[in-house]
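A short write-up of the structure that comes next.
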Amino acid sequence: MFGSDEKATVQTAFIPKMIAAVAMISLAYILLFMTPENYRATLQAEINALKPIIGKLESDEVLQRASGMYSWAFVDTGIISAMEDSAIPTGEINGESFWIQPLIRIVENLKLLFYQSSYRMSVFLHWLALGLPFIFAMAADGLYKRKIKQYEFGVTSVNIFKIWVKAGVFAFFIIDIYFIFPAAGIFGVLLPPIMFLTIGFAIRYALSNISKIF
């Protein structure tokens with residue numbers, strides 16, 4: 001049996017491993033099973049779903065920021081050109097025709113994956129500007145509630161504290177997955193604000209239920 005400290009260590013080590021596993025599975029799915037046409041269509045559907053929710057002006061700003069991030073991180077650095085060069089047939093290798101087409105598909109999918117990550121980062125930053133004030137407000141409210149409970153008996157709960165801490169950790173886990181999971185659709189649009197709400201409430205209720213004994 002594990003003690004509480006050992007359980008916490010195991011859980012802490014499990015989260016990065018799970019994120020890495022999901023990332024590898026997502027990458028394998030994109031490279032092996034998705035066609036560039038299908039990937040492009042799902043990504044475009046996700047982009048189209050954003051405009052009705054945040055408005056045309058804000059949506060245009062998100063797209064401009066995503067394009068800038070994509071160019072800065074992948075085009076200007078030469079990563080895209082190096083990938084494209086690797087998929088150009090040279091005619092000097094026997095059997096080249098058998099693997100050059102799969103390589104071209106992989107390169108195209110990787111380019112879309114890079115843009116997807118840039119786009120979702122831009123969407124995340126848009127919601128972050130709205131989510132941070134909410135999180136700080138909920139944290140302040142949690143601290144205020146805890147101060148009140150210091151003068152009362154039997155109102156703090158260690159179990160409730162642990163539950164909301166785990167909810168906050170799970171929210172951070174989902175945010176990590178958000179940047180790498182393919183074909184999110186409307187999920188990719190709504191996940192950041194839902195996660196900010198979850199983190200805000202998790203911090204609020206965790207802080208308000210911290211034990212009064214240090």
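The values are calculated or read from the model by the stated rules, or taken from the named source; none is laboratory data. The structure presented is a predicted model; accordingly, all values stated were derived computationally and were not measured. Glycine also receives a Cβ, built like all others from the backbone with ideal geometry; neighbour counts cover every protein chain displayed. Areas reflect the complete protein model, heavy atoms only, side chains present, ligands, DNA and RNA absent. Shrake-Rupley method; radii C 1.70, N 1.55, O 1.52, S 1.80 Å.
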Filtered residues of the stretch 102-142 (kept if among the charged types (D, E, K, R) and either open to solvent by 20 Å² or more (accessible area, probe 1.4 Å) or not in a helix (DSSP H, G or I) (or both)): Arg105, Glu108, Lys111, Asp141
Does the stretch 33-48 hold any residues that are crowded, with 16+ Cβ neighbours inside 10 Å and not in a helix (DSSP H, G or I), and which are they? Met34
Counting only residues that are within 18 Å of the chain's Cα centre (by Cα) and not small (Gly, Ala, Ser), how many does the stretch 45-90 have? 8
